[in-house]
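Visitor: Okay, here's the structure, questions in a sec.
The values are calculated or read from the model by the stated rules, or taken from the named source; none is laboratory data. Just so we're clear, the structure is a prediction, and the values are computed from it rather than from any experiment. All Cβ positions, even for glycine, are placed from backbone atoms using ideal geometry, and neighbour counts span all protein chains on display.
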Amino acid sequence: MRTRKRHSELLQGARVYLSGPMDFVASRAAEKHSGWRNRVGQFLQEFGVTVFDPWFKPDVRGLHEYGREDIKSGDRIKQRWTYASGTKAAKERTWCSKQFWETLHIDLRMVDTSDFMISYCPTNIYSVGTPHEIIMATQQHKPVLFVSPPIVFPTLHKMRDHLAADPKGAELLKQLESEIPIKENPRAIPSLWYIPLVGGENFFDGFGFARYRKKFGWKHEIPIDRHERRFPPKRPLLPFIEKLNRQLPKKWDSKLSKFVPDDDWLLWDFEMKKIRGKHVVTVRR
């Protein structure tokens with residue numbers, strides 16, 4: 001009797017780190033409890049992937065609470081930061097540095113431990129840690145799957161219309177746009193520095209959550225859902241990952257003028273039994 005040929009499951013046992021802004025987002029609480037990482041992590045676990053999420057750092061043996069980060073940990077550091085001179089101020093800055101070093105250290109170790117990385121980088125959100133993580137991953141020749149969504153400000157356009165007959169108000173709004181600054185990016189073009197860093201085939205203009213909401217029970221609507229209804233992704237991430245589980249991606253070779261194997265995709269084959277993936281979290285409560 002012929003047996004059915006099993007499809008290869010390339011992501012089984014792989015490890016991925018979820019990178020993206022955490023500090024200057026609209027709400028750290030919402031980002032932690034219902035942000036994109038929750039859904040992407042759940043999606044990846046279906047393929048047997050171990051997910052490293054910086055909101056839920058793993059415990060470190062022998063170092064209790066090392067690098068633990070919550071929605072208010074950054075505020076505690078900012079409250080003690082100072083530009084003053086003298087011994088007391090130097091001690092405060094040293095304390096701030098030491099406090100966040102643990103977070104930086106453990107996040108970069110998760111990048112080290114991962115096989116590839118997923119980064120969500122809207123061009124309107126300031127971030128420092130995310131570029132650091134992306135650069136580190138690319139230096140280690142690890143693939144970075146980079147999501148850069150369209151950026152528009154509908155309320156801004158409504159405000160312009162509202163102030164059309166108010167020259168003073170319109171001028172103040174224009175000045176505010178310059179001071180912030182407010183820059184739209186409707187074509188979802190990533191910051192140009194990232195393009196050669198990440199590689200042309202690893203960019204996406206959205207997640208494509210809509211196709212999977214029923215399957216995964218994502219009943220609660222998040223802002224990304226509304227955004228992707230208005231701007232349906234042309235190259236969504238989740239279908240790419242689904243295909244990645246069966247076939248490794250290729251990269252474009254400009255010299256040969258064709259797609260060739262991408263040897264950054266080194267996924268270890270330990271002949272593991274098929275298991276459900278994990279979202280790495282602390283074991284302590």
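Visitor: Report yes if Ala164 is touching a helix residue (DSSP H, G or I) at 6+ places or on another chain (Cβ under 8 Å), outside the structural domain of Tyr126 (by TED's automatic domain parsing) and outside any helix (DSSP H, G or I), otherwise no.
Guide: Yes: the conditions hold for Ala164.
Visitor: Now for a different question. Hey, Val40 hits all of (1) at pLDDT 95 or above; (2) part of a loop (DSSP other than H, G, I, E, B) but one; which does it fall short on?
Guide: If we test Val40 against (1) at pLDDT 95 or above; (2) part of a loop (DSSP other than H, G, I, E, B), just (2) comes out false.
Visitor: Now a separate question. Exactly one of these conditions fails for Ala210: (1) in a helix (DSSP H, G or I); (2) outside the structural domain of Val260 (by TED's automatic domain parsing); (3) among the small types (Gly, Ala, Ser). Give me its number.
Guide: Evaluating Ala210 over (1) in a helix (DSSP H, G or I); (2) outside the structural domain of Val260 (by TED's automatic domain parsing); (3) among the small types (Gly, Ala, Ser) leaves (2) as the failure.
Table: residues versus (1) in a strand (DSSP E or B); (2) under 30 Å from Gly41 (Cβ atoms).
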{"site": "Ser119", "(1), (2)": "yes, yes"}
{"site": "Ser127", "(1), (2)": "no, yes"}
{"site": "Pro149", "(1), (2)": "no, yes"}
{"site": "Arg160", "(1), (2)": "no, no"}
{"site": "Leu173", "(1), (2)": "no, no"}
{"site": "Ser178", "(1), (2)": "no, no"}
{"site": "Ile189", "(1), (2)": "no, yes"}
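Visitor: Under 8 Å between Cβ atoms, at least 6 apart or on separate chains: pull out the pairs that start in the range 88-99 with a residue that is within 15 Å of Ser73 (Cα to Cα) and end on any residue that is surrounded by 12 or more Cβ atoms within 10 Å (Cβ to Cβ) and charged (D, E, K, R).
Guide: Trp95/Arg80; Cys96/Arg80
Visitor: Can you confirm whether the range 56-73 contains a residue that is at pLDDT 95 or above and among the hydrophobic types (A, V, I, L, M, F, W, C)?
Guide: No, the range 56-73 has no match at all.
Visitor: For Gly48, state whether it is in contact with a helix residue (DSSP H, G or I) (Cβ under 9 Å, 6 or more places away or on another chain), crowded, with 16+ Cβ neighbours inside 10 Å and at positive phi.
Guide: It is false that Gly48 is in contact with a helix residue (DSSP H, G or I) (Cβ under 9 Å, 6 or more places away or on another chain), crowded, with 16+ Cβ neighbours inside 10 Å and at positive phi.
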